[in-house]
Amino acid sequence: MFSINLKTLQSEDKEGEFINYQPRPMGTTELFPMEMKFSPNGRQFAVMSDKDFVISSSGVYRDSYAGTCVDLAWNNTGDFAIKDNQTVRYYKALKEEGHFKVKFSFDNIFGGALLGLKGQDTIYFYDFESQLFISKIDHSVKSVVWSDNRTEVALILEDSTFVYKVNIKAIDEFVEANSEEDTSEELKEKVFHLKYEIKDSVLKGLWYEDVFIYQTKKHKLNYLIEDQVFSITALNGNYTMLGFYQATGKIYFMTKSFQMIHILFPISYINYQC
């Protein structure tokens with residue numbers, strides 16, 4: 001396993017050209033790794049096999065917790081939940097704080113401001129800590145991307161993406177009232193408001209404040225402000241978007257052979273547009 005310190009990347013590397021970088025060995029794992037999931041603050045990550053997982057600290061690569069699960073999802077504060085067959089277990093500070101058994105069939109879980117459970121053609125949202133059911137949206141979702149301020153969420157489907165404005169105040173008030181009534185339809189109208197539908201196949205997306213940046217299967221890099229789509233560039237090859245590093249104002253990408261490039265994201269101009 002290797003890590004990359006973005007602060008050490010060569011500043012003279014030109015946009016769109018391969019970056020000259022030196023990866024640093026971090027350590028090894030006994031799991032057969034199938035996926036890695038980083039916490040929102042980047043301080044911890046989960047290495048997952050088909051049935052086991054290990055929580056480790058970034059930078060020093062020190063194992064903090066190990067267990068078994070089918071899937072794992074981080075919340076926006078750095079705690080996590082796991083799918084244990086039909087049971088969802090919530091962990092805070094690496095200790096189990098609660099669990100609930102799900103009565104319907106679900107395949108995966110998604111993290112962020114709310115815990116998402118993927119059903120056949122529906123995603124169900126729960127509060128992480130209280131495990132209260134919040135709402136549901138009838139989409140067959142591939143991935144869920146929350147903004148850091150919890151007020152926006154993008155639901156990525158196979159051929160389109162739905163971007164919603166989220167009334168986080170209504171959620172907090174509902175959880176504080178600790179009601180266990182089934183208010184799915186009523187609360188849905190109060191919580192999720194459709195902002196825009198991206199009619200394109202999105203590979204991956206991320207948020208910069210209220211701006212949604214996304215990469216399409218046709219190798220286009222775009223961003224969404226309210227209900228307007230703007231183009232950044234067309235990528236010359238099959239790249240995976242790693243993330244946006246605000247200190248450099250660049251979006252970083254990597255190929256399957258670990259070659260990296262960066263694309264400049266003009267923050268000043270974006271702020272002017274907003």
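Computed from the alpha carbon positions, the gyration tensor of segment 28-159 leads to an equivalent ellipsoid with semi-axes of 23, 16, 15 Å, biggest first. Secondary-structure-derived ellipticity at 222 nm for the chain, considering helices only, amounts to -2500 deg cm²/dmol, per-run term -39500 (n - 2.57) for DSSP H runs with n ≥ 4. Split the accessible area of segment 228-274 by element, probe 1.4 Å, and carbon with sulfur accounts for 53%.
Reducing segment 239-270 and segment 132-175 to their Cα centroids gives an inter-centroid distance of 25 Å.
Global dimensions of segment 155-274 from alpha-carbon coordinates: Rg and Dmax equal 17.3, 52 Å. Sorting S39, S231 by solvent-accessible area of protein heavy atoms yields S231, S39, largest first, with a 1.4 Å probe. The mean accessible area for residues of the chain, using a 1.4 Å probe and ignoring ligands and nucleic acids, is 54 Å² per residue.
In straight-distance terms, cross-link reach from K220 covers every one of the lysines whose alpha-carbon lies under 25 Å from its own, apart from those fewer than eight places away in the same chain; here that gives K14, K37, K142, K165, K195, K199, K204, K250, K256.
K83 exposes around 20 Å² of accessible area when a 1.4 Å probe is run over every protein chain in place. Distance from the Cα centroid of segment 17-47 to that of segment 69-118 is 22 Å (rounded to whole angstrom). Each of E17 and S231 was given a label point 7 Å from its Cα along the Cα-to-Cβ line. The distance between the two points is 2.4 nm.
Backbone phi angles across segment 225-231, fed through the Karplus curve with coefficients 6.51, -1.76 and 1.60 (θ = phi - 60°), yield HN-Hα couplings of 10, 6, 10, 10, 9, 10, 9 Hz in residue order; Gly and Pro are listed as x.
Computed from the Cβ-Cβ distance with R0 of 41 Å, the FRET efficiency linking Y245 to K103 stands at 0.45.
Across q = 0.07, 0.10, 0.14, 0.16 Å⁻¹, the chain modelled as identical point scatterers on its alpha-carbon atoms has Debye log10 I(q)/I(0) values of -0.27, -0.56, -1.11, -1.39, in the order of the q list. For the listed peptides 101-108, 113-120, 87-94, a ranking on the average number of other beta carbons within 10 Å per residue, highest first, reads 113-120, 87-94, 101-108. Accessible area ranking (1.4 Å probe, heavy atoms, ligands and nucleic acids excluded), largest first, for T77, T28: T28, T77.
The values are calculated or read from the model by the stated rules, or taken from the named source; none is laboratory data. Just so it is clear, the model here is predicted, and its values are computed rather than measured. In this analysis, Cβ positions are derived from the backbone assuming ideal geometry, glycine residues included, and neighbour counts consider all displayed protein chains. Each accessible area value is taken on the protein alone, full model and side chains, heavy atoms only, with ligands, DNA and RNA left out. Shrake-Rupley method; radii C 1.70, N 1.55, O 1.52, S 1.80 Å.
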